[in-house]
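Rule-based calculations on the coordinates, nothing more; no lab input. Predicted, not measured: the structure shown is a model, and the values here were computed from it. Cβ sites come from the backbone with ideal geometry, for glycine too, and all protein chains shown count toward neighbours.
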Amino acid sequence: MTLPSPSIVDRTKNWLRLLSRRSRSPSIRPDQQIGSFSNAHDFTVSGGQFIDINELKMNYINNVISSRQAVFELLEPYTCLDATKDSSARYPPPRCHPDTQWKIRERLMRWLVYEYDEWKMLWVRGSAGTGKSAIAQSFADSCEEEGLFGASYFFSRTAGRDKLETVVPTLVYQLARSVPEYHSFIEHRLAKDQILLQNSPPIQFRKLIVEPFATLQRERPRKPIIVILDGLDECAGEKAQREILEMITNAIRTNPDLPLRWLIFSRPEAHLKNVFSRKTDRGREELIIDTEGRENVERYVKDRLIEIKATYNDMIPADWPPPAKLEELLYAVLGLFIFASTCLNYIDDPEEADPVSQLDSLLSFLRRPQGVVSRNPLAALDLLYSRILQDIPPPHI
C-alpha cells in the first residue's frame, strides 16, 4: 500500500517542530544556519514550493497575541474599567497612610494567609468616612505585590460605577489578566458561546467565574486569589446588592474548594446586615471610629501638612501651621479620614497655590454662622453626605 505523501502544511509543521527543538539545543550556535540549503551556493532550483519558516513562526506568534487580545476586546464593551484598582478615573486613589490602620490591615492579611479555609468571604463595615476605600486600595496593592490579587470593583454612585450588569464582566476581564490558565478557559468558552455576555449576572457568574475556577482547581490546586468589592452599598439598588451577595454565597456553598476569596467593604446598611446575618460562609470585621482611629487621622493630617509645607517651602513660614490652628483643624475632622482628606485637598489646591490662605479660609468656614459663606471648601463632602441622606427612607429621617 502506498502511503500518501505529506501535505505542504504537514511538512511545514514538522519543520517548525524541528526548528523549535534545534533552537533549544545548546549544540547549535546562534550564527549556525539550518534548513535544506545550509551552506549551499552556485545552484539553481526549478519549480517547487517554498515557505519562509520564520515568517510562519511570526504569523503564529501574532495570531496568539491577537487571540489573547480578542478576549479583552470582546469583554470590554460590557465592563466598567473605571471601577478597577488602577483606573485612571480613580487617580489618585485613596490609600492608607503607611503608619495608619495597621490593626485592620494585619487582620485582613491574617485572614487571607492563615484563615482562608475557614472564611471564604469577609465583610468589612464602617460608617461613611472611616477610610474603607483607602484600606481596600492599600490591601489590593499589597495583595498584588504578593501575587494574590485577582480583581476588584470600586463602586461609586456619583461616578457611574454602580451598575450590576457590569460587575461580572469587569471581574472576568481582570481575572483573565491575573491568571493565565483562566484566560485560556475563558477564551474557549466565549468562542463557543459569545451570547454569555448578554446573559443575566447569575448565569455569567456561574459560567464565567465559578465553573472555570472549579475546573482549574481540580486540575491543579492553587493559592488563594483575592477579589475585592468596595462600596457595595453604592451599587444601584438594594436588590442588586443582595443579588451580588447571593451569587457569591451560593458559589461558596456549592464549590467550597474554589480558590477565590471575597473581601467586601460597605457601610453597615440594615439590609446588608440582614443578608450577612443569614450567611455562615463569611467572616466579619467592623471599622469603628475609636481612639486608635483618631490617632490615625491625626498622624495623617500632620504628615500631609509636612508634605504641603515642603512643596511650598519658599512661601510658608517655618512655624506653619500655628499650634492653635492645627489643634482647631484636628478637632474639626474628628477622626474622619474623608473629612481630613477633603480639608487637606482644599489646603493643597494647586490652582490657589497658597496653603496659608487656604487653611485660614477653611477654618473661617468651619467657624461661620450657618448660611454666611461665599465659597464652600467642603462641597465634595456635602455631596457625599447629601447622597447618604437621600438613601434614607423618609420615615427614618
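Say R0 is 25 Å: what FRET efficiency, to the nearest 0.05, do residue 254 and residue 68 get from their beta-carbon distance?
Efficiency, rounded to the nearest 0.05: 0.25.
If I take R0 = 51 Å and measure r between the Cβ atoms of residue 320 and residue 191 in this structure, what FRET efficiency does the formula 1/(1 + (r/R0)^6) give, to the nearest 0.05?
With a Förster radius of 51 Å, E is 0.25.
Rounded to whole Hz and in sequence order, give me ³J(HN,Hα) for region 340-355 from the Karplus expression 6.51 cos²θ - 1.76 cosθ + 1.60, θ = phi - 60°, writing x for Gly and Pro.
Values per residue, Gly and Pro as x: 4, 4, 5, 4, 5, 5, 5, 4, 9, 4, x, 6, 7, 6, 8, x Hz.
Within a 10 angstrom radius of the beta carbon, how do 320, 111 rank from fewest other beta carbons to most?
Taking fewest neighbouring Cβ atoms as first place, the list is 320, 111.
Taking amide H atoms as placed 1.01 Å from N in the peptide plane, list the residues 5 or more away in sequence, or in a different chain, whose amide H sits under 5 Å from that of residue 122.
Hits under the 5 Å cutoff: 262, 263, 264, 283.
One-quarter of the Cα convex hull surface for region 144-235, in nm²?
6.4
For a protection proxy built on the mean count of beta-carbon atoms within 10 angstrom, sort 262-272, 246-256 highest first, please.
262-272, 246-256
Can you find, among 148, 254, 194, the residue farthest towards the positive end of the dipole of region 73-286? Put +1 on the C-beta of Lys and Arg, -1 on that of Asp and Glu.
Comparing the listed Cα positions along the dipole, 254 ranks first.
Efficiency by 1/(1 + (r/R0)^6): what FRET value for residue 109 and residue 165, r their Cβ-Cβ distance, R0 = 25 Å, to the nearest 0.05?
0.20
Report relative contact order for region 92-174 in percent, whole number only (criteria: Cα-Cα under 8 Å, sequence separation at least 6).
30
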